[in-house]
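Engineer: Sharing a structure, written as structure tokens. Questions coming.
The values are calculated or read from the model by the stated rules, or taken from the named source; none is laboratory data. Given the structure is predicted, the values throughout are model-derived calculations rather than measurements. Every residue, glycine as well, gets a Cβ built from its backbone with ideal geometry; the counts of neighbours run over all protein chains shown.
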Amino acid sequence: MESTDLYYPKELSWLAFNERVLQEAADKNNPAVERIRFLGIYSNNLDEFFRVRVADVKRKILIAHNDGNDEEAEHQRRLLVQIQRKVVELSKKFDMIHKDVVKNLARYNIYILPKNQLNEYQRDWVRNYFINKVLRHIAPILIDKKTDLLSRLNGTAVYLYVALRREGKNPRFAAVQVPTGEISRFHLIPPQHSRKNKHIIMLDDMIQLCMEDIFRGFVKFDTLESYSFKMTRDSEYSINDEIDESYVEKMSESMKQRLIAEPVRVIHDQDMPEDMVEDLQKRLKVTKLDTLHSAGHYRNFKDFIGFPNVGRDYLENSKLPAIDTKDFSGYNTVFDAITAHDILLYYPYHRFLHFTEFVRQAAFDPSVKSIRLNIYRVASQSRIVSSLIDAVDNGKKVTVVVELRARFDEEANIEWSKRMTDAGIRVVLGIPSLKIHSKLCIVSREERGKLMHYAHFGTGNFNEKTAKIYTDYSLFTKNQEMAEEANSVFELISYPYRRFKFQHLQISPLNARTKIQSLIRQEIQFLKEGHDAQILFKINNLVDKELIDDLYRASQAGIKIRGIVRGMCGLRPGIKGLSENIELISIVDRFLEHPRVMIFNGGGNRKVYISSADWMTRNMDNRIEVGAPIYDETLQQRIVDVIEIQFKDTLKARQIDKDQLNQYVKRGNRKKLRSQEEIYTYLKQLEQK
């Protein structure tokens, strides 16, 4: 078997994941408003895909050419063509699903009105609203020969490209940004008569309808026309950490600028006239490596994530109120609770308030001496940061490690760093060569004349907002050996030249890879010795070739391997002689599946870990990540039970096969089971025991 056939390309696998999101928009069993929101999630994902993954492929092509490696350049170019073909295919599906979703909303008397279907009353209301509320936020870019349009555009915004035409003269072009940062994308037109029908107009259409009001008196024109477009830029301000730095040193300054400046995708309204498309393409310097294609009327669908429900409650998913666990609520303080036993929470089923309360109580408890925490992404209004500032005011020693390179959160993290530094918090900005992705919090407390440490290990960010929609584990423990090792992680970040030993924790880039590989090899040995051997895991992405090879070898040895992979998967299961003992599924539903879990049967001595790390080379070798063992057998069983429930899912689980065709897991004669709802019921029942 060719080596290239052993691994499914991660970029195409990412598109397969986003196709699963699109399947949710197409699923007529989902509530109507949730379906259109899934279109927004798909669009947002695709935008990030171009900003990160496609940009990376483009860079590799340019670097290979610069390095004289024609074979690699051709390989990456073929991959880019495959990506572009798949994106076009998915875009066609998207447009069809969008039309169906809009029709479905109309069945519930919710109408998204295009600008040419407004009656006189509605047109008058729109124009009045535009003049009084919208116009103040619009400053068009009038384009002439000197205009560098590429440098003027915001890569995350949607624009209208305008042609102002006069008879006998060449058209004058302009670009108008749709100001979704200041004004909602969706506007409910007040009813003229009946309140039964809800009419929504998009901000894009509102601006197009009133476009003459923007230019009249400033530019002469007989007619004008406008069409939407969006440009996506490379997201990196420096070379991606997946490219060897020795390449960077060889590149000229002009080459570096080329890698950063060019767009990676331009998408425009399919009705845009040819002369406007050609002018736009020229001004945005679109090359053969870039994706330029047309699609439906609206660009930047990500705003549909927040599409308002102006109808009945059943047009959205029913609420699942977060569980207030007795593991905490049954005690006077969080420290009493954790002293009694290790506690495992599973968000968003459990209340994230339990973690914020952990930090809040630590902030004023007279016995607490210090708090250490690392930040990757936090909420815009973070109660956690507020509690840390309170802790400083109460005389606690507070240290926060902030990762400034958290993709798309760089600016926010810089601002948080300034705010915390001003408040007296010791802010550590991490290691220049390694992103810090661990989810640690250590509270040190004086008890009976001795300093005791309370540790939190998690799979998700300390973010109140995402904790409501991402599934993630949090482990609270007073295990002093584990807590001391967690403290050593903070020391490692501040003093990376020192040597540290970790017996319990899996720490990237020090020992995580070797520990995981050792656990896989041990399972093979247990099987040879006649013991029960199995591997069960759940991760976001599986693309590290070394770890994939280890799983292949375990499968060939006869180990039964089951995995849940939400996103990219380079492993190709079900190939005879290679991976026929590997079963993989993916679940896409109302909550984003985010935990990283590893379970090794261990010949009857089961070992369970939660981790911040995906099985990607960057997470194993280029980041600070932490995996923590679960020693409490009751908590181990809880994690196993949750994963087994997910393997019984007959509604939202897709099989990951060697070609990633996204076929739903066959139900057969099994009952209908939606695992996220079943897990909620399971965890609620545990609270009643």
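Engineer: For residue 56, are the conditions met, namely being touching a strand residue (DSSP E or B) at 6+ places or on another chain (Cβ under 7 Å), surrounded by 18 or more Cβ atoms within 10 Å (Cβ to Cβ) and either within 30 Å of residue 213 (Cβ to Cβ) or among the acidic types (Asp, Glu) (or both)?
Structural biologist: So residue 56 fails the test.
Engineer: Further, regarding this structure: Run down 643, 656, 639 and say which single residue is within 25 Å of residue 606 (Cβ to Cβ) and in contact with a Cys (Cβ under 8 Å, 6 or more places away or on another chain).
Structural biologist: 656
Engineer: For region 175-276, which fully contained strands (runs of 3 or more DSSP E) count at least 2 residues that are modelled with pLDDT of 95 or more, under 30 Å from residue 164 (Cβ atoms) and not polar (S, T, N, Q)?
Structural biologist: Passing ranges, in order: 186-189, 198-202, 223-233.
Engineer: Please state which of the following conditions residue 561 fails to meet, knowing it meets all the rest: (1) buried (at least 20 other Cβ atoms within 10 Å of the Cβ); (2) in the same structural domain as residue 399 (by TED's automatic domain parsing); (3) over 25 Å from the mean Cα position of the chain (by Cα).
Structural biologist: With respect to (1) buried (at least 20 other Cβ atoms within 10 Å of the Cβ); (2) in the same structural domain as residue 399 (by TED's automatic domain parsing); (3) over 25 Å from the mean Cα position of the chain (by Cα), residue 561 is out only on (2).
Engineer: Separate question: Looking at residue 608 and the list (1) part of a loop (DSSP other than H, G, I, E, B); (2) free of Cβ contacts under 8 Å to residues at least 60 places away in the same chain, which single condition is not satisfied?
Structural biologist: (1)
Engineer: Another question about this same structure. Looking at region 95-152, which of its residues are over 27 Å from residue 266 (Cβ atoms) and part of a strand (DSSP E or B)?
Structural biologist: Passing the criteria: 110, 111.
Engineer: Go through (1) among the hydrophobic types (A, V, I, L, M, F, W, C); (2) farther than 26 Å from residue 9 by Cβ; (3) surrounded by 21 or more Cβ atoms within 10 Å (Cβ to Cβ); (4) in contact with a strand residue (DSSP E or B) (Cβ under 6 Å, 6 or more places away or on another chain) and name the single condition residue 620 misses.
Structural biologist: Exception for residue 620: condition (2).
Engineer: Report, ordered by the first and then the second residue, all pairs with beta carbons closer than 6 Å, sequence separation of six or more or different chains, a first member in region 116-141 that is over 20 Å from residue 225 (Cβ atoms), and a second member that is outside any helix (DSSP H, G or I) and among the charged types (D, E, K, R).
Structural biologist: 137/182
Engineer: Sticking with this one: Answer with yes or no whether residue 360 is basic (Lys, Arg), over 20 Å from residue 628 (Cβ atoms) and within 27 Å of the chain's Cα centre (by Cα).
Structural biologist: Spelling it out, it is not the case that residue 360 is basic (Lys, Arg), over 20 Å from residue 628 (Cβ atoms) and within 27 Å of the chain's Cα centre (by Cα).
Engineer: Also, I was wondering about something else. Just a yes or no: is a residue in region 673-686 under 30 Å from residue 510 (Cβ atoms) and either of a type in the set (A, V, I, L, M) or surrounded by 17 or more Cβ atoms within 10 Å (Cβ to Cβ) (or both)?
Structural biologist: No, the conditions are met nowhere in region 673-686.
Engineer: For region 653-664, indicate whether the set of residues that are in a helix (DSSP H, G or I), farther than 21 Å from residue 590 by Cα and of a type in the set (Lys, Arg) is non-empty.
Structural biologist: Scanning region 653-664 turns up no residue that is in a helix (DSSP H, G or I), farther than 21 Å from residue 590 by Cα and of a type in the set (Lys, Arg).
Engineer: Within region 67-74, identify whether any single residue is touching a residue at least 40 places away in the same chain (Cβ under 8 Å) and either surrounded by 18 or more Cβ atoms within 10 Å (Cβ to Cβ) or not basic (Lys, Arg) (or both), and answer yes or no.
Structural biologist: Checking region 67-74: at least one residue is touching a residue at least 40 places away in the same chain (Cβ under 8 Å) and either surrounded by 18 or more Cβ atoms within 10 Å (Cβ to Cβ) or not basic (Lys, Arg) (or both).
Engineer: Residue pairs, Cβ under 7 Å, 6 or more apart or interchain, first in region 189-214 and touching a residue at least 24 places away in the same chain (Cβ under 8 Å), second among the charged types (D, E, K, R) and surrounded by 18 or more Cβ atoms within 10 Å (Cβ to Cβ). List them.
Structural biologist: 202/185; 203/185; 205/115; 208/115; 209/115
Engineer: Which one of these is within 22 Å of residue 622 (Cβ to Cβ), at pLDDT below 90 and surrounded by 15 or more Cβ atoms within 10 Å (Cβ to Cβ): 404, 440?
Structural biologist: So the residue among 404, 440 that is within 22 Å of residue 622 (Cβ to Cβ), at pLDDT below 90 and surrounded by 15 or more Cβ atoms within 10 Å (Cβ to Cβ) is 404.
Engineer: A further question follows. Scan region 595-617 residue by residue and report those that are surrounded by fewer than 20 Cβ atoms within 10 Å (Cβ to Cβ), at pLDDT 95 or above and not polar (S, T, N, Q).
Structural biologist: 606, 607
Engineer: I would also like to ask the following. May I ask you to verify whether residue 590 is within 29 Å of the chain's Cα centre (by Cα), within 28 Å of residue 504 (Cα to Cα) and assigned by TED's automatic domain parsing to the domain that holds residue 644?
Structural biologist: Judged against the criteria, residue 590 is not a match.
Engineer: Then there is this: Restricting the search to region 494-514, which residues are assigned to a helix (DSSP H, G or I) and either surrounded by fewer than 18 Cβ atoms within 10 Å (Cβ to Cβ) or not assigned by TED's automatic domain parsing to the domain that holds residue 554 (or both)?
Structural biologist: Across region 494-514, the qualifying residues are 494, 514.
Engineer: From the set of residues in region 365-387 that are part of a helix (DSSP H, G or I) and in contact with a helix residue (DSSP H, G or I) (Cβ under 7 Å, 6 or more places away or on another chain), which is nearest to residue 449 (Cα to Cα)?
Structural biologist: The extreme case among them is 387.
Engineer: Let me ask something else. Free of Cβ contacts under 8 Å to residues at least 60 places away in the same chain, on the phi > 0 side of the Ramachandran plot and not charged (D, E, K, R) - does that describe any residue in region 489-504?
Structural biologist: Among the residues of region 489-504, not one is free of Cβ contacts under 8 Å to residues at least 60 places away in the same chain, on the phi > 0 side of the Ramachandran plot and not charged (D, E, K, R), which makes the answer no.
Engineer: Ok, one more. For the condition touching a Ser or Thr at 6+ places or on another chain (Cβ under 7 Å) and basic (Lys, Arg), what is the one hit in 501, 478?
Structural biologist: Sole residue among the options that is touching a Ser or Thr at 6+ places or on another chain (Cβ under 7 Å) and basic (Lys, Arg): 478.
Engineer: Here is a further query. Does residue 652 satisfy the criteria of being in the same structural domain as residue 587 (by TED's automatic domain parsing) and surrounded by fewer than 18 Cβ atoms within 10 Å (Cβ to Cβ)?
Structural biologist: Here the answer is no, as residue 652 does not meet what is asked.
Engineer: Is it true that residue 575 is modelled with pLDDT of 95 or more and in a loop (DSSP other than H, G, I, E, B)?
Structural biologist: Yes, satisfied.
Engineer: Being part of a helix (DSSP H, G or I) and touching a His at 6+ places or on another chain (Cβ under 7 Å) narrows it down to one residue among 328, 335; which is it?
Structural biologist: 328
Engineer: Can I ask one more? Which residues, counting only those in region 492-509, are at pLDDT below 95 and more than 26 Å from the chain's Cα centre (by Cα)?
Structural biologist: The answer is 492, 494, 495, 496, 497, 498, 499, 500, 501.
Engineer: Name the pairs whose Cβ atoms lie under 7 Å apart, with the first residue in region 449-462 and over 30 Å from residue 592 (Cβ atoms), the second part of a strand (DSSP E or B) and among the polar types (S, T, N, Q), and 6 or more positions between them or separate chains?
Structural biologist: 451/444; 453/444
Engineer: Before we move on, is residue 483 of a type outside the set (Lys, Arg), assigned to a helix (DSSP H, G or I) and either touching a His at 6+ places or on another chain (Cβ under 6 Å) or assigned by TED's automatic domain parsing to the domain that holds residue 630 (or both)?
Structural biologist: Answer is yes for this residue.
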